Amino acid sequence: MAKSPTVVAQNPRTEARTANWVAFVICAALLFDGYDLVVYGTVLPGLLADPTQIGAFDAAAAGLLGSWALIGVLVGSLICGAVGDFFGRRRPMLLGIAWFSVGMFITALTTTVTAFGAMRFITGVGLGIVLASAGATMAEFAPAGRRQFYNAIVYSGIPAGGVFASIMGILFLNNIGWRGLFMIGALPLVLLVPIASFRLPESPRWLLARGREEEAQAAARRTGVPLIEERVIRQLGAAPQKAGFAAVFSSQFALPSILLGMMSFSGLLLTYGLNTWLPKIMEGYGYGRTYALFFPLALNLGAVVGGLLLSRLADKRGPQRVIAFTFVVATISLVLMTFGFPLPVLFLCIAIAGLGTLGTQVLVYGFQSNYYTTNARAAGVAWCASVGRCGGILGPIIGGWLAVAGIGGATAFYIFGGVALVGAVVTVLVPHQRKLEEAEHRVGEMTEHPSKDHLAATSTTRR
C-alpha cells in the first residue's frame with residue numbers, strides 16, 4: 001500500500017509560486033506563437049509590393065505561404081500528441097521553444113519564396129509542439145478553482161504576441177525591415193530557454209498517472225501540487241485505461257473529441273483568417289497601410305483583455321456557456337464591421353471581434369485542457385489543436401481566394417461571422433463529463449472537510 005495522500009497541498013504558497021512560474025514560461029513561449037502569426041500579416045503587404053525581397057507572388061500564393069506555418073503546427077501538434085503523454089510535459093516544451101526560435105532566425109535569412117515557405121513550415125512544427133504541450137502542462141499545475149484563469153493567462157500570450165508584432169511593425173518595420181522582425185522571433189532561444197530549464201518542473205500528476213508513485217510524491221512536495229484529485233479520478237474510474245490517442249478516441253472521449261476539435265476549427269479559422277487578411281480587407285475600405293497596421297493591434301488587444309476578464313466568469317459559471325456566448329458576440333461584431341461606422345466606433349467593433357474570435361479561442365484552449373484526464377490530456381489537446389489548425393490553414397486561404405476574386409470586405413466579414421455562429425452551436429453540443437465533475441466535487445468536499453475516512457478512501461495501490 002502506498003502512503004495515504006494529504007488532502008490539500010503541503011504548502012499552498014509553493015503551489016502558487018510554481019503555478020506562476022509555469023504560467024510565465026508558457027505564456028512567454030505562446031507570445032512568440034502569436035508573434036509569428038501576426039508578423040507575417042504585418043510584413044505581407046511589403047513582400048507583395050516588392051519582389052526583390054523573396055521573389056514575386058500573388059495574393060493566392062500569399063494565402064498558401066501563410067498556411068505553410070499552420071501545416072507545420074498541425075504536424076508538430078500531432079507528433080507531440082503521440083508522445084506527450086508518454087514523455088511528459090517538460091521535455092517537449094523545452095524542445096519546442098528551441099526549435100521554433102531557430103526556425104524564425106533562419107526564415108529571416110531566406111531569399112526565395114520556396115525557402116521562405118519551407119522555413120515557415122519547419123518553424124510551425126516547433127510552434128505546434130509548444131502549443132500542444134502548453135495546455136496539458138498548465139492544466140496540471142493550475143490551482144483548483146482558478147484553472148480557466150491560469151489557462152487564459154498563458155493562452156493570452158498568443159494575442160499578446162499579436163499586439164507585440166503589431167507594435168514592432170509600427171515602430172520598426174521601416175528601419176529593420178521584415179528580416180529584422182523575424183529575427184526578433186528568435187529571442188526565446190537566448191532569453192526563455194535558460195529560464196525554462198530551471199523553472200519548469202515535470203508534472204507530479206503526469207508522474208502519478210504513469211505509475212511513478214515515489215517520483216510523483218517527491219515532485220508534489222517540491223512544487224506544492226496536490227495529488228488528491230488525480231487519485232480520486234482513478235478511484236472513480238473517470239479516466240480511460242489507455243493513454244495517448246487511444247484514450248482520446250475511447251468510448252468516453254470519442255464524441256466530445258470531435259466536437260472539441262470543431263470548436264478549435266472554428267476559432268482558429270477566425271483567428272488566422274482575420275490576423276492575416278484584416279489589414280488587406282481594411283485597405284479595401286479606403287484605409288491606407290499605416291491605418292491597416294493598427295487594426296490587428298485593436299483585434300488582439302480586445303482578445304487579451306476580454307479573454308482574461310471572461311476567464312474569471314468561466315471559473316465561476318463554467319467555460320461552456322461563456323464560450324458559446326463569445327462566439328455569438330463574434331458573429332454580431334463581424335456583421336457590424338460592415339456598417340461603415342466612424343473610425344473610433346470601427347476600432348471598438350474590431351476590439352469586440354477580437355474578444356469573440358481570438359479571446360474565445362483562449363477560453364476554448366482552457367476548456368479543452370481541463371476536459372481530458374491526465375493520461376489523455378496531451379493527446380487530447382494535440383488532437384484539438386491539430387483539427388483547429390486545419391481551420392487555421394483554411395482561414396488565410398479563404399482570404400486569399402476572396403482577394404483574388406475581388407470580393408469585397410463585407411462578404412469576408414459575413415463568412416467569418418457564419419463560422420463563429422457554427423462554433424457557438426458546436427460548443428453547446430459538447431457533453432458534460434459527469435465522472436470528472438463528481439471527482440472535482442468530491443475533492444472540494446475533502447479539501448473543506450478533511451477526515452481520516454476521506455484519506456483512507458483515497459489511498460491507492462501502486463501499479
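The values are calculated or read from the model by the stated rules, or taken from the named source; none is laboratory data. Not measured: the values here are computed from a predicted model. So basically every Cβ, Gly included, is an ideal-geometry build from the backbone, and we count neighbours across all protein chains shown.
Points to keep in mind about this one:
- LEU348 over 20 Å from the mean Cα position of the chain (by Cα), farther than 26 Å from LEU74 by Cα and modelled with pLDDT of 85 or more: yes
Here is a yes/no grid of residues against (1) within 30 Å of ARG231 (Cα to Cα); (2) outside any helix (DSSP H, G or I); (3) among the hydroxyl-bearing types (Ser, Thr, Tyr):
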{"site": "ILE352", "(1), (2), (3)": "no, no, no"}
{"site": "LEU355", "(1), (2), (3)": "no, no, no"}
{"site": "GLY359", "(1), (2), (3)": "no, no, no"}
{"site": "GLY366", "(1), (2), (3)": "yes, no, no"}
{"site": "SER369", "(1), (2), (3)": "yes, no, yes"}
{"site": "TRP383", "(1), (2), (3)": "yes, no, no"}
{"site": "PRO396", "(1), (2), (3)": "no, no, no"}
{"site": "ALA410", "(1), (2), (3)": "no, no, no"}
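- Filter pass, ILE332 being farther than 26 Å from ALA23 by Cα and surrounded by fewer than 24 Cβ atoms within 10 Å (Cβ to Cβ): yes
- Selected residue (only one of ALA61, ALA136 is closer than 30 Å to LEU309 by Cβ and small (Gly, Ala, Ser)): ALA136
- Number of residues in the range 219-247 that are polar (S, T, N, Q) and at pLDDT 80 or above: the value is 1.
- Flag if LEU343 is over 15 Å from the mean Cα position of the chain (by Cα), farther than 29 Å from ARG146 by Cα and at pLDDT below 80: yes
- Search result, residues across the range 183-217 that are at pLDDT below 90, surrounded by fewer than 16 Cβ atoms within 10 Å (Cβ to Cβ) and among the small types (Gly, Ala, Ser): GLY211
- If the condition is being in contact (Cβ under 8 Å) with a residue 40 or more places away in the chain and either under 28 Å from ASP85 (Cβ atoms) or touching a Gly at 6+ places or on another chain (Cβ under 8 Å) (or both), then the range 114-131 contributes ARG120, PHE121, ILE122, THR123, GLY124, VAL125, GLY126, LEU127, GLY128, ILE129, VAL130, LEU131.
- When PHE141, PHE100, PHE116 are screened for being within 15 Å of PRO188 (Cα to Cα) and modelled with pLDDT of 90 or more, only PHE100 passes.
- Listed conditions (1) at pLDDT 85 or above; (2) crowded, with 24+ Cβ neighbours inside 10 Å; (3) among the β-branched types (Val, Ile, Thr) are all met by VAL362, apart from (1).
- Filter pass, PRO204 being touching a helix residue (DSSP H, G or I) at 6+ places or on another chain (Cβ under 7 Å) and closer than 20 Å to ASN375 by Cα: yes
- Meets criteria (of a type in the set (Asp, Glu) and free of Cβ contacts under 8 Å to residues at least 24 places away in the same chain) for ASP50: yes
- Here ILE195 does not fit the description of being free of Cβ contacts under 8 Å to residues at least 12 places away in the same chain and farther than 25 Å from LEU355 by Cβ.
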